[in-house]
Amino acid sequence: MADDGSSTISAESSDSSQGELASPRVVKVAVIGTGLAGLASAYYLATASNSRVQYNVHLFDENSSIGFDSSSVTAMDGNGIERRIDVPMRSFAGGYYKRIISLYKSLGLQFHDAKFTYSFSEVEEDSGDARTYFLHGGRQGTFRQGGKPSRQGTLKWTSDFVAVIFWYLYFSLIAALSTPKGGVSFENAVSPQTAHKKRFGNDEAPKGYGTLDTDDESSVEDGSREIESLQEFARRWHIPAWFMDRFVVALFCAMSTCDARTIRNAPAADIIDYKRKTFGQPHYLLSGNSRSAVAALTAPLAKENIHLGVAVKAMLSEGTTWTIRTVAEDYHHFSHVILATAPSRVAELHRPLVPVFRDIKAKIVRVIVHTDDRVLNFLESDDIRDLNLLKTSIGTEATHVLFPGIYQTTSPTSLNGDCGEDYGGRIAKSKVISESVFERVVRTNGLVDAVTKMRRRQGQHNVWVAGSWMWDGLVLLEGCVASAEAVCDGIRRKCGDDPG
Ligand SMILES: Cc1cc2nc3c(=O)[nH]c(=O)nc-3n(C[C@H](O)[C@H](O)[C@H](O)COP(=O)(O)OP(=O)(O)OC[C@H]3O[C@@H](n4cnc5c(N)ncnc54)[C@H](O)[C@@H]3O)c2cc1C
């Protein structure tokens, strides 16, 4: 027990480099948050232990189960078969998710092509009725799966279809050839040594730098870089607003779970980069669900180092040691701390980062797993696809038909905008299997600047930040792995254990 009567977990023995010649130096690292960013950070460090340095990694999460899988559920489908359901969806596409694919492969995890088919509908402002305007059979779909919506006349559909295909090909060509202004590509990120050499002409990286800096000289601290929005990019290339709104904006609203205005104003570079890299690529799902990834990523950690249901309340610095204080008033001592939580929580725990994160915006997103088929009543039954997008004046509702009779509805709405308890009679409470709420960071210019600033502060006082948002790309799972890789490389460099 500590002096004040509270319990204390093991005094820090790490980072001393005073051990016997033959034994590795033990560096104790706390990872706060067990979403994919925290799990990947812990995994990379735990498996990086070698004859010189051994990383003793502890994971903390306020959830009673690992965050990456804590909202997932098990339910019976309409045929009485028990199904595991990832909440939220954890899909990843070829081309864009290179790091995640490589990580999952190295862990021996199985994943499969989801072969999604899509329906696109919109709520008409004057009547409040929903109209299906496009069906898409996906990458490998049949012509029928992508055919004419039931309620559309053949002539109108044919002319619309030709126009959509023309603008889709034009948009794809522009995305392949044109680079939006002001984007920072993660591929341009270089090591601190390279960045320093470019600026100052010598090899020595300045202390306190994170692992990555950017090659882009214009990405300065004051946020003065001109960043072209998606809307500006579309105007520059004369892409009609109806095409952008009905297809590009509607899709990215569903993917990023945010409103249409945010997507129109989002950095075009992110969206074009995603479009370019995923063109013609499959969308994958983990065959063993998120829990297969959780099992593989936590396998190298000692069970007693995984602290679940333990909310971290404060971080206190004492010389070279960080003391983590939990809500239960337990104290744990570490050399390095990785904050792998939403930025609002990072700033609560480490106040010096408040000004860095000031302009980051986040949205609350609701995901309902349920059995109420009325949610798709706006569609003719022949038009129901795997992913059914409903564009409203605000954003996009997405209903994924998971299994016979089981639906996952993200950002549910009532058609008339009055979201009562049952979403305008669309999802009865009695048919809800689970209802989850997530905080999702929105990719805005403010986030672009915050990430640039944070990158310069990575590792200062041995505090590191990882998360799906902590990279130069859309707020998706790939950002978790990219930021985890960067943070772990940084810690290893600081420990004199160069990852090469
Ligand atoms: C509805 C929805 C659908 C999505 N679909 C996809 C998709 O298909 N593909 C894709 O690539 N991305 C998708 N995303 C995005 C992606 O899932 C998230 O961005 C990503 O999972 C975030 O991971 P993270 O590790 O950064 O943070 P999180 O998963 O948010 O983890 C942070 C963890 O920190 C814990 N925590 C916070 N504060 C404390 C504290 N003080 N003490 C202890 N623990 C704390 C939390 O409990 C949480 O478990 C989706 C997001 C949403 C919301």
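The values are calculated or read from the model by the stated rules, or taken from the named source; none is laboratory data. Predicted model, so just to flag it, every value in this text is computed and none were measured. Cβ placement follows ideal geometry from the backbone for every residue including glycine, while neighbour counts extend to all protein chains displayed.
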Can you tell which of Gly395, Gly467, Gly425, Gly473 is within 15 Å of the ligand (Cβ to nearest atom), in contact (Cβ under 8 Å) with a residue 40 or more places away in the chain and not assigned by TED's automatic domain parsing to the domain that holds His350? Gly395
Against the definition (in contact with a helix residue (DSSP H, G or I) (Cβ under 7 Å, 6 or more places away or on another chain) and either more than 14 Å from the ligand (Cβ to nearest atom) or not assigned by TED's automatic domain parsing to the domain that holds Asp449 (or both)), how does Val375 come out, yes or no? no
Quick one: count up the residues across the range 261-278 that are in a helix (DSSP H, G or I) and farther than 14 Å from Gly395 by Cα. 11
Looking at the range 378-392, which of the residues that are away from the ligand (no atom under 16 Å from the Cβ) and surrounded by 23 or more Cβ atoms within 10 Å (Cβ to Cβ) is nearest to Val73 (Cα to Cα)? Arg385
Just to be sure I understand, how many residues within the range 479-493 are within 11 Å of Gln458 (Cβ to Cβ) and of a type in the set (A, V, I, L, M)? 3
Can you find even one residue in the range 420-436 that is under 24 Å from Ile324 (Cβ atoms) and surrounded by fewer than 20 Cβ atoms within 10 Å (Cβ to Cβ)? no
Within the range 306-339, restricting attention to residues that are among the aliphatic types (A, V, I, L, M) and outside any strand (DSSP E or B), which residue is surrounded by the most Cβ atoms within 10 Å (Cβ to Cβ)? Val310
Just name the residue that is nearest to the ligand (Cβ to nearest atom) out of those in the range 340-366 that are within 15 Å of the chain's Cα centre (by Cα) and not in a loop (DSSP other than H, G, I, E, B). Val365
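Go through the range 73-106 and give me each residue that's more than 12 Å from the ligand (Cβ to nearest atom), assigned to a loop (DSSP other than H, G, I, E, B) and in contact (Cβ under 8 Å) with a residue 60 or more places away in the chain.
Scanning the range 73-106 gives Asp77, Gly78, Asn79, Ile81, Gly94, Gly95.
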Among the numbered criteria (1) assigned by TED's automatic domain parsing to the domain that holds Arg351; (2) outside any loop (DSSP other than H, G, I, E, B); (3) within 22 Å of Phe68 (Cβ to Cβ), which single criterion is violated by Ala450? (3)
I'm told Leu474 meets every condition in (1) out of contact with any strand residue (DSSP E or B) (no Cβ under 6 Å at 6 or more places or on another chain); (2) in a helix (DSSP H, G or I) except one. Can you identify the failing condition by its number? (2)
Taking only the range 238-258 into account, find how many residues are within 14 Å of the ligand (Cβ to nearest atom) and either in a loop (DSSP other than H, G, I, E, B) or more than 22 Å from Tyr97 (Cβ to Cβ) (or both). 2
Is there a residue being under 30 Å from Cys488 (Cα atoms) and not in a loop (DSSP other than H, G, I, E, B) anywhere in the range 411-432? no
Just one of (1) at pLDDT below 95; (2) within 14 Å of the ligand (Cβ to nearest atom) trips up Cys495, so point out which. (2)
Suppose we keep only residues that are outside any loop (DSSP other than H, G, I, E, B) and charged (D, E, K, R) within the range 38-72. Which one would you say is nearest to the ligand (Cβ to nearest atom)? Asp61
From Glu435, Glu439, residue being within 16 Å of the ligand (Cβ to nearest atom), under 30 Å from Asp383 (Cα atoms) and under 22 Å from the mean Cα position of the chain (by Cα): Glu435
I need a count of the residues in the range 457-471 that are in contact with a strand residue (DSSP E or B) (Cβ under 7 Å, 6 or more places away or on another chain) and outside any loop (DSSP other than H, G, I, E, B). 5
Taking the condition in a loop (DSSP other than H, G, I, E, B), modelled with pLDDT of 95 or more and hydrophobic (A, V, I, L, M, F, W, C), does Leu297 pass? no
So which of Phe120, Phe111, Phe134 ends up being in contact with a Phe, Trp or Tyr (Cβ under 6 Å, 6 or more places away or on another chain), more than 21 Å from Arg246 (Cα to Cα) and crowded, with 19+ Cβ neighbours inside 10 Å? Phe111
